[in-house]
Each structure stands twice: as C-alpha cells, then as structure tokens.
Amino acid sequence: MTGTNNAKKALLSSRAEFLFTEAEVGNTFADLALRWDDPNRAAQSRTGARAAYDAVIHHSAKVALTVEDAHRLGKRLELLKSKLQRLGESFPS
C-alpha cells in the first residue's frame, strides 16, 4: 500500500508542478507580447499566453492543491490574466 500511496503523491505533485510551470510559461509569453514591437510576434506570444492560461484553468479542476499552493497559483493566474487583459484578451464574467 505504501508504494501505491507514494505513487499517488508523486503523480499529484507532478500535476501541481505542471500547473505552476504552465502559469510561468504563460506569464513569460505575456511579458514578451507586451514588449514586442513586431505585431506578429506580439500576437503569437499573446496566443501562447492565453493557451497557457486556459490550460491551467482547465487542468486545475482536476488537481487537489494544498491551500498554500492554491493561493500561490491563484496569484500567478491573476497576474497572467491582468497581462492578458492589457493585451486585449477578454474573459467571461
């Protein structure tokens, strides 16, 4: 049983790590989009940032995060959403 529990913990940990990594990638793309002078590159970066945001939203419902991790991820997503809104993205209310 212990091996199974350890495997489940490792899987949950890797899923949580995916969410944090994806949020970080999204913020990086958003930062690039805000800095590009080239509209095509800015649009590509914005698209990547939005895809990362949407992936985190979609997958976070399937991951049991600790209260601390949920708070940290929420802060990163708030920042990403703010950047995306500055880039012209809209979000349902």
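The values are calculated or read from the model by the stated rules, or taken from the named source; none is laboratory data. Remember, predicted model here, so these are calculated numbers, not experimental data. We place every Cβ from the backbone using ideal geometry, glycine too, and count neighbours over all the protein chains shown.
State all residues of segment 33-50 that are among the basic types (K, R), surrounded by 13 or more Cβ atoms within 10 Å (Cβ to Cβ) and more than 8 Å from L87 (Cβ to Cβ); if no residue qualifies, say none. Outline the logic, then answer.
The initial filter retains those residues of segment 33-50 that are among the basic types (K, R), namely 35, 41, 46, 50.
From what is left, the residues that are surrounded by 13 or more Cβ atoms within 10 Å (Cβ to Cβ) are 41, 46, 50.
Across segment 33-50, the qualifying residues are R41, R50.
Looking at (1) surrounded by 14 or more Cβ atoms within 10 Å (Cβ to Cβ); (2) touching a residue at least 12 places away in the same chain (Cβ under 8 Å), which is the one condition that is false for A70?
For A70, the exception is condition (2).
Kindly indicate which of N27, N5 is at pLDDT below 95 and in a helix (DSSP H, G or I). Break it down into steps so the answer makes sense when it comes.
On the way: N27 fails: at pLDDT below 95.
None of the other options fit; the residue is N5.
Filter segment 30-58 for residues that are under 21 Å from L73 (Cα atoms) and either at pLDDT below 95 or among the hydrophobic types (A, V, I, L, M, F, W, C) (or both) and give the result.
A30, L32, A49, A51, A52, A55, V56, I57 - these are the residues of segment 30-58 that are under 21 Å from L73 (Cα atoms) and either at pLDDT below 95 or among the hydrophobic types (A, V, I, L, M, F, W, C) (or both).
Return a yes/no flag: does segment 37-54 have any residue that is at negative phi, of a type in the set (F, W, Y) and under 10 Å from the mean Cα position of the chain (by Cα).
Checking segment 37-54: at least one residue is at negative phi, of a type in the set (F, W, Y) and under 10 Å from the mean Cα position of the chain (by Cα).
Among the residues of segment 36-58, which ones are in a helix (DSSP H, G or I) and acidic (D, E)? Write out each step before concluding.
From segment 36-58, those in a helix (DSSP H, G or I) are 39-58; that's our starting set.
Once the filter is applied, which keeps residues that are in a helix (DSSP H, G or I) and acidic (D, E), segment 36-58 yields only D54.
Would you check which residues across segment 59-71 are more than 10 Å from the chain's Cα centre (by Cα), assigned to a helix (DSSP H, G or I) and either at pLDDT 95 or above or within 11 Å of L19 (Cα to Cα) (or both) and list them? Talk me through it step by step, then tell me what you get.
Initially, segment 59-71 is screened for residues more than 10 Å from the chain's Cα centre (by Cα), giving 61-71.
Imposing the further condition that a residue be assigned to a helix (DSSP H, G or I) reduces the set to 67-71.
Selection gives D69, A70, H71.
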